[in-house]
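Student: Handing you a structure now.
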Amino acid sequence: MTTALRSSSRPALAAHVRLAFDRSRDQYVLLGPESVLVLNAPGASILDLCDGHRTVADIAANLRGRYDRVADEEVTGFLDRLVRKRYVEVGDD
């Protein structure tokens, strides 16, 4: 897995993290070893689509069907931050 994020990259959650719904917070969270990252709805939607098969471009296109404004740069920036924190891993074709 590489860490350079491109529109053709195929992001997936790292093996040590999982996406879960926290009932006490009434929000989705990303759970890692000794860490909890509280997500907003668009962030949870992005991570839900990170299956290692969809590309970053596919994820952005899918989100355009759900939300009014989706900028490719925002999706890429969000995922890039999570790659740097090692919550997300990136594969390329």
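Nothing in this text is a laboratory measurement; each read-out follows from the coordinates by a stated rule. What you see is a predicted model; the values in this text were computed from it and never measured. Counting neighbours? That spans all protein chains shown, and the Cβs are built from the backbone with ideal geometry, glycine included.
Student: Beta carbons within 10 angstrom, averaged per residue: use that to sort the peptides 55-62, 68-75, highest first. Don't skip to the answer; put the middle values down first.
Tutor: On the way: 55-62: 18.5, 68-75: 13.2.
The peptides rank, most packed first, as 55-62, 68-75.
Student: Taking +1 at the Cβ of each Lys and Arg and -1 at the Cβ of each Asp and Glu, which of Ala60, Tyr87, Gly32 sits farthest along the dipole of the chain towards its positive end, judged by Cα position relative to the Cα centre?
Tutor: Going by the Cα projections, it comes out as Gly32.
Student: At 7 Å along Cα-to-Cβ for each site, give me the label-to-label distance between Arg25 and Asp72 in nm.
Tutor: So the two model labels end up 3.1 nm from each other.
Student: On to the next question. Enumerate the amide H contacts of Tyr28 below 5 Å, restricted to partners 5 or more residues apart or on another chain; note that Pro and chain-start residues carry no placed amide H.
Tutor: Asp22, Leu39
Student: Treating only the Cβ of Lys, Arg, Asp and Glu as charged (+1, +1, -1, -1), what charge dipole size does the range 1-44 show about its Cα centre? Round to the nearest 20 debye.
Tutor: Numbers: 5 positive and 3 negative charges, 39 e Å.
That gives a dipole near 180 debye.
Student: What size of dipole, in debye to the nearest 20, comes out for the range 1-87 about its Cα centre when the only charges are +1 on Lys and Arg C-beta atoms and -1 on Asp and Glu C-beta atoms?
Tutor: Numbers: 13 positive and 11 negative charges, 32 e Å.
Roughly 160 debye, rounded to the nearest 20.
Student: Averaging over all projection directions, find the projected area of the Cα convex hull of the chain and quote it in nm² with one decimal place. Display every interim value, and only then the final one.
Tutor: Values: hull surface 23.0 nm².
The directionally averaged projection comes out at 5.8 nm².
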